[in-house]
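First the structure, in the form of structure tokens, and then the observations on it.
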Amino acid sequence: EAGVAQSPRYKIIEKRQSVAFWCNPISGHATLYWYQQILGQGPKLLIQFQNNGVVDDSQLPKDRFSAERLKGVDSTLKIQPAKLEDSAVYLCASSLGTGKLSTGELFFGEGSRLTVL
Amino acid sequence: EDKVVQSPLSLVVHEGDTVTLNCSYEVTNFRSLLWYKQEKKAPTFLFMLTSSGIEKKSGRLSSILDKKELFSILNITATQTGDSAIYLCAVLTNYGQNFVFGPGTRLSVLP
């Protein structure tokens, strides 16, 4: 079974530039998450999708971050313009969903490491 | 606000030692608690705990949940250098179906 795919793995940009990350979840997984993990900290939820609808984006800095999940499969996360403090690993994760049939387990991609200079 | 706290934040031991990692939580509508191991790449799943007092075991790793006192422990016996990693604790809540992560415990096992 293919895992969660993310790209690019690494990205270096200057502040005020823009960047986009892509995620393809495990086939059949209804729920998709984007997490930001700053060095030395645990993952922090940015946005959660259930199919193509947003469940929770309360911690997404909407003045600069945007995300979409068209057709309820792939997702993109964009940052524009980037700030120094956006340097982090952006983890995409998926799960079957959290209904009665779900194990509740999250499956992570390998992450996209962003460095903002 | 939902919160997950882990301790210690960092730990250095020698091979063969036994370690206990702690995770406490304050969340509304608790559903389950999960442990993940994170090396250089993505976190990988270790355990999911839903019921109090039932130990989950996998090789040298074991974990247990106490829903009354709102904590979980992860034990690793006879540690090896390959156990060096960040161990993340996460709680799944029913409200918003969200996973709330703790800061992680960075374990270093020296030869």
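Structure values in brief
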quantity: Accessible area (Å², per residue) of chain B, counting only protein heavy atoms and a probe of 1.4 Å; calculated: 49 Å²
quantity: Chains A and B, summed buried accessible surface - 1.4 Å probe, Å², nearest 100; calculated: 1700 Å²
quantity: Chain A - Kirkwood radius from inverse mean 1/r over Cα pairs (Å); calculated: 14.2 Å
quantity: Accessible area (Å², 1.4 Å probe, nearest 10) - B:T20; calculated: 60 Å²
quantity: Across A:K15/A:K62; A:K62/B:K40; A:K44/B:K56, pairs whose alpha-carbon gap is larger than 24 Å; calculated: A:K62/B:K40; A:K44/B:K56
quantity: Heavy atoms of A:K78: accessible area, 1.4 Å probe, square angstrom to 10; calculated: 100 Å²
quantity: Sulfur and carbon atoms: percent of accessible area, chain A [1.4 Å]; calculated: 51 percent
quantity: Accessible surface, per residue, of the range A:1-107 when the full set of protein chains is kept, probe 1.4 Å, Å²; calculated: 51 Å²
quantity: Inter-probe distance in nm under a simple model that places probes 7 Å from Cα toward Cβ, at A:K78 and A:R16; calculated: 2.0 nm
quantity: GNM top mover of A:G28, A:G42, A:G72 - chain A, alpha-carbon springs below 10 Å; calculated: A:G42
quantity: Anchor A:K83: aspartates and glutamates whose Cα lies under 20 Å away (excluding residues fewer than 8 positions away in-chain); calculated: A:E14, A:D57, A:D63
quantity: Computed accessible area, B:E39, all protein chains, 1.4 angstrom probe, square angstrom; calculated: 110 Å²
quantity: Contact order relative to length of chain B, as percent, for alpha carbon pairs under 8 angstrom and 6 or more apart; calculated: 37 percent
quantity: Sulfur and carbon atoms: percent of accessible area, the range B:1-109 [1.4 Å]; calculated: 50 percent
quantity: Shielded residues, the range B:89-108 - accessible-area loss of 30 Å² or more between chain alone and all protein chains, probe 1.4 Å; calculated: B:G96, B:Q97, B:N98, B:F99, B:F101, B:P103
quantity: For B:S32, net neighbour charge (Lys/Arg +1, Asp/Glu -1) across residues whose Cβ lies under 11 Å away; calculated: +1
quantity: Accessible surface, 1.4 Å probe, highest first, among residues A:I26, B:I64, B:I86; calculated: B:I64, B:I86, A:I26
quantity: Cα extents of the protein assembly as shown along the three principal axes, largest first (Å); calculated: 47, 41, 36
quantity: Selection from B:S32, A:G109, B:T44, by position along the positive dipole direction of the protein assembly as shown (Cβ); calculated: A:G109
quantity: Given charges at Cβ of Lys, Arg, Asp, Glu: the protein assembly as shown dipole, positive-most of B:S72, B:I86, A:Q37; calculated: A:Q37
quantity: Overall form of chain B per C-alpha gyration tensor (a/c, 1.5; a/b vs b/c); calculated: prolate
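The values are calculated or read from the model by the stated rules, or taken from the named source; none is laboratory data. Computed from a predicted model, the values in this text were never measured in an experiment. Cβ sites come from the backbone with ideal geometry, for glycine too, and all protein chains shown count toward neighbours. Only protein heavy atoms, including side chains, enter the accessible area calculation; ligands, DNA and RNA are left aside. Shrake-Rupley method; radii C 1.70, N 1.55, O 1.52, S 1.80 Å.
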